[in-house]
Structure formats: C-alpha cells, structure tokens
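Working notes, structure below.
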C-alpha cells in the first residue's frame, strides 16, 4: 500500500470505539452483516431495460450468501424469455456479490438483480421477520396451480373501448356486456389446468371446457363478445 508524503508525516492517533455495522433483520434474527455469507432471505425485485420495452420480476431465495433458488418472470419482450432461461442457469449457486457482477444476458434482469441486492443487504427482504425464512421452492407458490405467472393484459382504444385479454385467472375468452355495452364480467380459461388435464389423457375440447370459469356478473350479461376478434 502506498501512502502520500503528507500522510507519512502525520502522527498516528488511536481510533475510538468500534460498534460494528447496524444489525439488520434476517429470517427472524438480527444480524451484523460483515461478509456475504452473513446474508439470508427471500425477496422479489423488478427491473427494466434502457428502452423500457420489457420488464423482469426476479425472486431469489438466499441462504448464507448463496442463491439457492431463482424465479425469473419476464414481460413485454420476446428476447427476454431466452435471456431468462440463461439467467436461471447462471444465478443458482452464485454468491450475491457474484450475481451482482455477472451479466445476466438482459438489461432488465440485470436491473432486477441490482434492486434485489439493495433490498437484501439492507435487510428489507420479504422474510426479514420470518423465523428460519422460507424453504427452497417457496417462490413457486407465487405461480399457483399450473405454474404460470400472474399476468394481466388489457388493450383499449378511444374509438372502441377496452378489451380484457388476460387476467390472473387466465386467458380471457369472452367479455360480458350489459345493455349499455359496459363490461360487467368475463370468461377465462386457466391454461395451466387445461394442459394438466390434456397431459393426463383428457380430450382437448373437454379439458378446455373444464378449465373455464367466469367472474363478475357474467350470467346476467345481455351480450358476450370475443375480445380478440370483435
């Protein structure tokens, strides 16, 4: 280590009391984090790319500084899905610091990683006060049956009004309208349930009907329309 001439000629003074870093909450404990291995927790973060064409929701489950579980969900850009596939292989087994300084292929995923890092090292995780944290695999609970992301897709124009294309419940097949052409409900298909039924041998048309549901005042509608073709 090189010291400047000014520092070399200074007289040494004793440092005062050392209290260490402020403790942060981690999985039901207060921890003075001094190195990456001191960090544990599960949390989510959102990232976006420079042109803001797509976004990524990233969920990490970190135990003793190591990423043990990763859920990568992307929206709005076709290339991001392939980036997410690569990022899911890259992230697991890395330390938080390694992951922060690794190219995760897509800028939105890199930004999500940065946002997660800040949450985790400042003790702002979802499991900060959950004793023992959450088991590996907990992020799949966010996806529900059929293991599909919760997606909402709506399209609207001033000329023709709104169209519900996809809700958390599933792919919208019909919109229910009242006598004033106002939306009062919708029909959906849970694609995860439908595919599970087909894989078990059920006829595709029967599986489609069994996976359908509706929301709102669907049965009281005066008219139904296909949101994609009408």
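The values are calculated or read from the model by the stated rules, or taken from the named source; none is laboratory data. Since the model is a prediction, treat every value here as computed from it, not as a measurement. FYI the Cβ positions are ideal-geometry reconstructions off the backbone, even for glycines, and counts take in every protein chain you see.
Values as computed for the structure displayed
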| item | result |
| --- | --- |
| Pairs, first at negative phi in region 155-168, second surrounded by 16 or more Cβ atoms within 10 Å (Cβ to Cβ) and outside any strand (DSSP E or B), C-beta under 9 Å, six or more apart | 155/227; 162/227; 163/227; 164/227; 165/227 |
| Tabulated pairs, region 8-22, first at pLDDT 90 or above, second assigned to a loop (DSSP other than H, G, I, E, B) and surrounded by 10 or more Cβ atoms within 10 Å (Cβ to Cβ), C-beta under 6 angstrom, 6+ apart or interchain | 21/32 |
| Single residue of region 193-218 satisfying the filter (touching a residue at least 24 places away in the same chain (Cβ under 8 Å) and more than 21 Å from residue 148 (Cα to Cα)) that is surrounded by the most Cβ atoms within 10 Å (Cβ to Cβ) | 218 |
| Only one of 62, 46, 31, 7 that is in contact with a helix residue (DSSP H, G or I) (Cβ under 7 Å, 6 or more places away or on another chain) and over 30 Å from residue 149 (Cβ atoms) | 31 |
| Tally, over region 135-163, of residues that are out of contact with any helix residue (DSSP H, G or I) (no Cβ under 9 Å at 6 or more places or on another chain), within 27 Å of residue 40 (Cα to Cα) and part of a loop (DSSP other than H, G, I, E, B) | 3 |
| Number of positions in region 108-134 that are part of a helix (DSSP H, G or I) and under 16 Å from residue 73 (Cβ atoms) | 8 |
| Filtered residue count, region 121-146, keeping only those that are loosely packed, with under 12 Cβ neighbours inside 10 Å, over 13 Å from the mean Cα position of the chain (by Cα) and more than 25 Å from residue 36 (Cβ to Cβ) | 1 |
| Those residues of region 34-56 which are without any contact (Cβ under 8 Å) to a residue 60 or more places away in the chain and part of a strand (DSSP E or B), in sequence order | 55, 56 |
| Sole residue being more than 24 Å from residue 123 (Cα to Cα) and at pLDDT 95 or above, chosen from 69, 89 | 89 |
| Selection count where residues are over 23 Å from residue 154 (Cβ atoms) and part of a loop (DSSP other than H, G, I, E, B), scope region 183-224 | 4 |
| Which numbered condition residue 71 fails, given (1) in contact with a helix residue (DSSP H, G or I) (Cβ under 6 Å, 6 or more places away or on another chain); (2) surrounded by 18 or more Cβ atoms within 10 Å (Cβ to Cβ); (3) over 27 Å from residue 31 (Cβ atoms) | (3) |
| Failed criterion for residue 25 (all others in (1) loosely packed, with under 13 Cβ neighbours inside 10 Å; (2) within 19 Å of residue 128 (Cβ to Cβ); (3) out of contact with any helix residue (DSSP H, G or I) (no Cβ under 6 Å at 6 or more places or on another chain) hold) | (1) |
